[in-house]
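Step one of this worksheet: look at the structure below.
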Amino acid sequence: MMARENIYQSLEVFYEKVDECPLRERAFNFFEMVYVIEGVGLHTVNGNRFSYSKGDLFLITPNDSHDFDLDGTCEFMVMRFGENYIREYQWKSIDHIECLLYYASDLSGSLLVNEQDKKIVESLIQNLQQSVEYVGIYTEDLIRHLVNSILVIAARNLALVKPNSTSLTIDQRILQVIDYIQENIRYPELLRITVIADKFGFSPTYLGSFFRKQCNESLQHYISSYRIRLIEHRLRFSDKRIHEIADEFGFTDESHINKFFKRHKGLSLKAFRNVEA
């Protein structure tokens, strides 16, 4: 029988030094971010196995099943937080954070791909470990700021490997276009191909072919898919009403957003929310 764990605070952070995984095939009702301080082994998420080593960072989402196969003694820093923790923090770039949470378990390995960011996270983890061990005034606030910094850096790294089909030799300009799309996903008027092309000094025709060549999908398909992912996330992890979600993403009304969503997912927003509940 699969072991299920719960948390009783919005954020829990602790250090582990273990010789074997204490629970096998664990499933959570919260998010768990695990940083490997020392050690090697195999990490399994939803049946997908990949090796891990010092400096790797993983994020497991609610209802994922995961466990670690340790090759000797390993040290981990574990950060657990519920959906309310994400909702209560006013992220400036909230959509990056939400995509991190939505896609993390689909990645094959560590969230960290940028070498400079690996060094930054290593330093943050050292400070986090010291903060957990030392209980003093404002310790809880400090821990929250450190965890949030790690989350933002992980989200930044995730953005570097999206979309999934992006080539390994992706042009830096396309990464800038993707970043622009993510930042302006709520504003359809800013995502017209003519507007994006003018923003980056391309002709609309060249931008369309350039994006497809780099990402193996059309620019419009990427924008629609990204918007769908965020709408799905609102339905899963927020209490927002349909008309509020429609307004947030620039749709004229509930009918408009339902037609868009049903065209891509085959069901209405209300039906999707009921299925996921």
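Counting neighbouring beta carbons within 10 Å and listing from fewest to most, the residues THR73, THR44 come out as THR73, THR44.
Taking a straight Cα-Cα cut-off under 18 Å and skipping sequence neighbours fewer than 8 places away in the same chain, the lysines within cross-link reach of LYS119 are LYS54. Distances between placed amide hydrogens fall under 5 Å for LYS54 paired with GLY39, all partners being 5 or more residues away or on another chain. Packing, taken as the mean count of other beta carbons within 10 Å per residue, orders the peptides 266-276, 148-158, 246-256, 129-139 from highest to lowest as 148-158, 246-256, 266-276, 129-139. Along region 42-57 the Karplus relation, 6.51 cos²θ - 1.76 cosθ + 1.60 evaluated at θ = phi - 60°, assigns HN-Hα couplings of 10, 10, 10, 10, 6, x, 8, 10, 8, 6, 9, 7, 3, x, 7, 10 Hz to successive residues, with x for each Gly and Pro. Applied to region 128-138, the Karplus parametrisation 6.51 cos²θ - 1.76 cosθ + 1.60 on θ = phi - 60° returns per-residue 3J(HN,Hα) values of 5, 4, 5, 5, 5, 6, 9, 9, x, 5, 6 Hz, with x for Gly and Pro. For a straight C-alpha distance cut-off of 14 angstrom, the aspartates and glutamates reachable from LYS199 (same-chain residues fewer than eight places away being disregarded) are ASP179, GLU183, GLU189.
By a straight-distance test (C-alpha under 16 Å), which lysines pair with LYS213 as possible cross-link partners, with residues fewer than eight away in the same chain excluded? Straight-distance partners of LYS213: LYS162. Sorting 193-202, 224-233 by average packing, meaning the other beta carbons within 10 Å per residue, from highest down gives 224-233, 193-202.
Only the coordinates and a few stated rules stand behind these numbers; no lab work does. All of these numbers come straight from a predicted model, not from anything done at the bench. Please note: Cβ atoms are built from the backbone with ideal geometry, for glycine as well, and neighbour counts cover all protein chains shown.
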